[in-house]
Every structure is written in C-alpha cells, then in structure tokens.
Amino acid sequence: MVLVTGAARQLGGRFVREVQRAPEVGRVIAVDAVAPEHDLGDAVFVRADIRQPVIGKILARHSVDTVVHLDVSGTSLGGGGRTQAKETNVIGTMQLLGACQKAPTVKRLVVKSTTSVYGAAPRDPAVFTETTPVTSLPTGGFAKDAVEVEGYVRGFARRRPDVAVAVLRFANILGPRADTPLAEYFALPVLPTVLGYDPRLQFVHEDDAVAVLLLASGEPRRGTLNSGTFNIAGDGVLLLSQTARRLGRPTVPVPLPAVTWLGQLLRTAGATDFSREQIRLLTHGRVVDTRQMRETLGFEAAYTTAETFADFARGRGPGLLPPERLAGAVDRLAGALPPPRDARAAQAREGREAREAPNATDAGSV
C-alpha cells in the first residue's frame, strides 16, 4: 500500500498514475488538501491537509507500508501564499513524520527535496556532493524550508531505524509540462539577468523525476541501495546565456542591487515567483555531483541537462528572436565587452600563476 502526498501537483499526479502499474503495488492512496485537476487512475483520492492530525488516521486505516512525500514545494496550490507553502512544507512534514513514527506498518519513506539546500554563493565549491559542508545555508524561502524538512527526516530516521528512508535532492525540474518557478522565469519574453554573471545550471527532466521516484519507492535492485540522500540531475551543465540563446529570448542585464527590486515587481505583477533564492541561483549557479545516484541508487537519467532544456524549449515555442540570429548577435556583443566577473577572476589567477611559475622553477634548480 503506497501513500502519496502532493497528488494535486503535476509531478504528484504523474507519479500516482505510474506507480499503480507496478505489479507489487496493491493500492495507491493519493492525498492533497485540494482536489486534483488531472486524472489519478484507480488511486483512492483522500482530500486531507497533512498539517492536520488526520493524516495519522489515514495511514492506520489503509495499513500503508510506503510513503512518498511530494508535497514539498516553493509554491502553494489553491491560491495560498508563501506562508501557506511554508506551513505545508515544514509543519505538514512534521505531522506526516509523526504519523509515520506511530504507524508500525510503514517500512519505506521517500522524500522529495531539492539541491537548493546547498545554497548559492560566490565561494561555493565547483561541484557539490551529498556530503559537502555547506558554507552559506539558505536564509529564507523554499530552500530554507527544504533544509528544515531534511533535518526532521534525519530525526525520524534515527527514531525509526527499521524504516528505509530516501531523500532525493532534485535539481531544477523541467520538461514540456513543467510548472516550476524556474520554468515561469524562462517563459518570460525577455529574461532579466544579473549584470556580470553567467551562472552554470543543471536540470532534471520531469520523466526522469518520475522514474527515480519509482525506483526509490520500491525494493532496491540487486547491487544497489535506495536508502540515503541522493543528488538527482541530468549530466552536464548549461550557462544561463546558452539557455537564453536556445530559447530565442533576449536578456536584460540588471545590476545586482536592482535585481531584488525587479523580482518584487515581477511577483507583484504575477509574472513569476522571482524569489531571493532564485536570484542567487541566477547569480552564482549551482552544480551537483551525481555519482551516488548512478553507483549507489542505480539510476541513470535518460536526459542530459542539455536534452532536458531542449525538450522544455520545444514545448515553449519560438522566442522573440530566432536562436541562430540571437547567438550570432550575442557572440559579436561578447567580443566587444569585458568578460564577466567570474571570468576576469579566473584570468587574474592564471596571470598570477604564470608570473610565479619561473620563480618556482629557478628555486627548484638551486
């Protein structure tokens, strides 16, 4: 018996429909505080708010053995704001974990998390592993919620060592039907960027997100272990400038102090949820290592980061400018402008190393 939270969301609905096809799954209980607009197949839908103690009664009534917690998101459904989203993420997770702790039938827990828990800062490592110490923890928004959620999950794992717990840290999920804040950003006719920065980005395809959730919610395959914390992302990276060219979207570089004001303006206009954490991502970028995903979890993403973005771009239609013309214009402009701040810093380091190299050689030969 599988219970899935967040069934009214697109990812939750897709997972509910797919997990029913697994031969070892008897029944699927789909839970959300709002009624889904999509079909859930033969799943039993229960309208319930996971912030309320009723979730414990649902677990007991249906003798649930596997819980897949997907109701952790940066946005709320049903017209709720940031406060409701935070309450669902944090308080809802606490209630759910408390109910799971009291339910003797629960044997497996899968939690959707995000690579945003690593933050995004100028002194971050080039690549984050699951055990990399975080130097700048998120201070607000969905990223901070995810940090708190993971803390509660670790506490639950200590109290119920008999339960197999998998935490999946997803990179930004994209695809033809993606409804994430970053997908809304890329849907803007003109993309605001941070002046002097061209961050590296990673994506995971929505099909791969469903596939890895299916893998984590079942029994592990031979030679693999689907308990633990795993980064989930497609291979490779894309620069923000590359994404804009592939979309055919012109960009407007904005000085960093003015970006926050612009984000508030976009949120007020209802154009996109341009949060502080998203601004930091679009400033410094973030790349994670996926070795544990492949070697321990035994999952190979079907889409690379570039292929994920290409599939997303096809679903969005052409931008204001043909990609090939925009690429040529950007390349010509790049040749006339100084390199971005990150590139200038790299050039300065290379220059210092080149100047110091002869002295090191001379010292070694004495």
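The values are calculated or read from the model by the stated rules, or taken from the named source; none is laboratory data. Predicted model, so just to flag it, every value in this text is computed and none were measured. Here the Cβ is made from the backbone with ideal geometry for all residues, glycine too, and neighbour counts use every protein chain on show. For the accessible areas, the whole protein counts, side chains as well, though only heavy atoms, and no ligand, DNA or RNA atoms are used. Shrake-Rupley method; radii C 1.70, N 1.55, O 1.52, S 1.80 Å.
With θ taken as phi - 60° and the coefficients 6.51, -1.76 and 1.60, list the Karplus ³J(HN,Hα) couplings across the range 300-312 in order, rounded to whole Hz; mark glycine and proline as x.
Values, residue by residue: 10, 5, 6, 10, 6, 4, 5, 5, 4, 5, 4, 5, 4 Hz.
Amide H neighbours of VAL288 under 5 Å, counting only residues 5+ apart in sequence or on other chains, H built in-plane at 1.01 Å?
Answer set, sorted by chain and number: PHE128.
When a/c reaches 1.5 or more, the comparison of a/b and b/c decides; with that in mind, is the range 1-105 rounded, prolate or oblate per its Cα gyration tensor?
Here the range 1-105 falls in the oblate category.
First select every other residue whose beta carbon is under 15 angstrom from the beta carbon of ASP65; then total the charges, Lys and Arg +1, Asp and Glu -1. Don't skip to the answer; put the middle values down first.
On the way: positive: ARG27, ARG61, LYS102, LYS107, ARG108, ARG160; negative: GLU24, ASP162, GLU219.
Around ASP65, the surrounding residues sum to +3.
Take LEU188 and ALA302, extend 7 Å from each Cα along the Cα→Cβ direction, and tell me the distance between the two endpoints in nm.
3.2
Count the net charge of all other residues whose Cβ sits under 11 Å from the Cβ of ILE50, scoring Lys and Arg as +1 and Asp and Glu as -1.
Working: positive: ARG51; negative: ASP32, ASP49, ASP71, GLU87.
Once all neighbours under 11 Å are counted, the net charge is -3.
Heavy atoms only, probe 1.4 angstrom, no DNA, RNA or ligands counted: give me GLU184, GLU206, GLU300 ranked by accessible area, highest first.
Accessible-area ranking of GLU184, GLU206, GLU300, largest first: GLU300, GLU184, GLU206.
Once you put a point 7 Å from the Cα of ASP179 and another 7 Å from the Cα of ASP42, both along the Cβ direction, what distance in nm separates them?
2.6
Rounded to the nearest 0.05, what FRET efficiency is calculated for ARG294 and GLU219 with R0 set to 22 Å and r the Cβ-Cβ distance?
Calculated transfer efficiency: 0.70.
I want to make sure I understand the PRE zone here: with the label point 7 angstrom from the Cα of THR132 toward its beta carbon, which residues in the range 100-121 have backbone N atoms less than 16 Å away?
114-121
Cα centroid distance between the range 110-160 and the range 60-93, in Å?
18
Taking a ≥ b ≥ c as the square roots of the Cα gyration tensor eigenvalues, with a/c under 1.5 meaning rounded and otherwise prolate when a/b beats b/c, else oblate, which class fits the range 161-314? Intermediate results must be reported in sequence, preceding the final value.
Values: a/c = 2.34, a/b = 2.06, b/c = 1.14.
The shape class here is prolate.
Given 0.36 nm per residue, what is the gain on full extension from ASP235 to VAL34 after removing their alpha carbon distance, in nm?
Contour length minus Cα-Cα distance gives 68.9 nm.
Note down the relative contact order for the range 1-145 as a percent, whole number, built from C-alpha pairs under 8 angstrom at least six residues apart.
Here the relative contact order equals 22 percent.
For the range 90-122, which trypsin sites (Lys or Arg not before Pro) are in a loop by DSSP, counting at most 16 other Cβ atoms within 10 Å?
Taking the range 90-122 and a limit of 16 other Cβ atoms within 10 Å, the loop trypsin sites (Lys or Arg not before Pro) found are LYS107.
What does the range 42-157 give for Rg and for Dmax, in Å, if only its C-alpha atoms count?
15.7, 50
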